[in-house]
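The values are calculated or read from the model by the stated rules, or taken from the named source; none is laboratory data. Because the structure is predicted, anything quoted here is derived from the model rather than measured. Reconstructed Cβ throughout: ideal geometry from the backbone, glycine too, with neighbour counts over all protein chains shown.
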Amino acid sequence: MSKVFLKLKLKSLAAESQVIRAELERYRGPKWGTSDIRRQMHSHRINVVRYEARLTHLVYGFLRGREYAQIEPRVTYRGHGRNNMTNIPLQRIDWDRVTGMAEKYGDEDVRIVRQKLAAWIERAQHHIDHPTKAPRRPARPKIERTLEEWVAFEAARPRKTKRARRKAWIARQQQKRLTAAPATA
């Protein structure tokens with residue numbers, strides 16, 4: 001098979017997750033409360049679909065030549081919120097399943113894929129066992145200006161009101177229609 005089919009699988013898993021989320025909206029409210037069907041659908045989306053999408057994403061990244069650290073830069077703990085790093089380990093990766101998908105969707109010979117994947121998994125396991133924080137993007141440089149420079153900058157900056165922007169847009173649309181209209185004789 002090809003990476004194209006793997007990409008289709010990723011898209012179908014994403015669509016399945018969206019469909020389940022939409023169905024969950026139907027079972028919301030005091031009538032349903034915490035109904036069993038709602039819990040089952042949520043559990044399926046979180047534990048089955050999300051996990052399968054993660055494994056598929058790993059295989060897709062491997063086949064495209066990405067390192068594990070590029071695909072999942074921060075994998076040690078799953079937290080809720082930006083700064084809340086709880087000690088809940090991520091779900092373990094089923095490397096046999098990853099190997100099976102890589103063999104199925106890889107374009108090369110199965111033995112070559114296995115060799116490359118074994119080395120890739122070893123590097124991935126090292127990344128998981130010895131996590132490092134991903135570097136943050138540098139902050140934007142601060143512009144040092146005096147009050148007079150700021151006043152001059154703000155005064156020179158063109159500002160249009162919403163009405164002026166709307167008028168300009170209508171004029172551009174009319175101009176487009178006039179230039180695109182066929183000439184009638």
> Which number in (1) at pLDDT below 85; (2) in a loop (DSSP other than H, G, I, E, B) marks the one condition that Phe153 misses?
Replying inline: (2)
> Considering only segment 136-169, how many residues are closer than 30 Å to Pro73 by Cα and among the small types (Gly, Ala, Ser)?
Replying inline: 1
> Which ones in segment 58-75 are surrounded by fewer than 16 Cβ atoms within 10 Å (Cβ to Cβ) and either among the acidic types (Asp, Glu) or touching a residue at least 24 places away in the same chain (Cβ under 8 Å) (or both)?
Replying inline: Arg64, Glu67, Pro73, Arg74
> Taking segment 1-10 as the search range and keeping residues that are over 10 Å from Ala53 (Cβ atoms) and assigned to a helix (DSSP H, G or I), which one is modelled with the lowest pLDDT?
Replying inline: Lys3
> Out of (1) more than 19 Å from the chain's Cα centre (by Cα); (2) under 20 Å from Met101 (Cα atoms), the odd one out for Phe62 is which?
Replying inline: (1)
>> Take Arg123 and tell me if it is loosely packed, with under 11 Cβ neighbours inside 10 Å and modelled with pLDDT of 80 or more.
In response: no
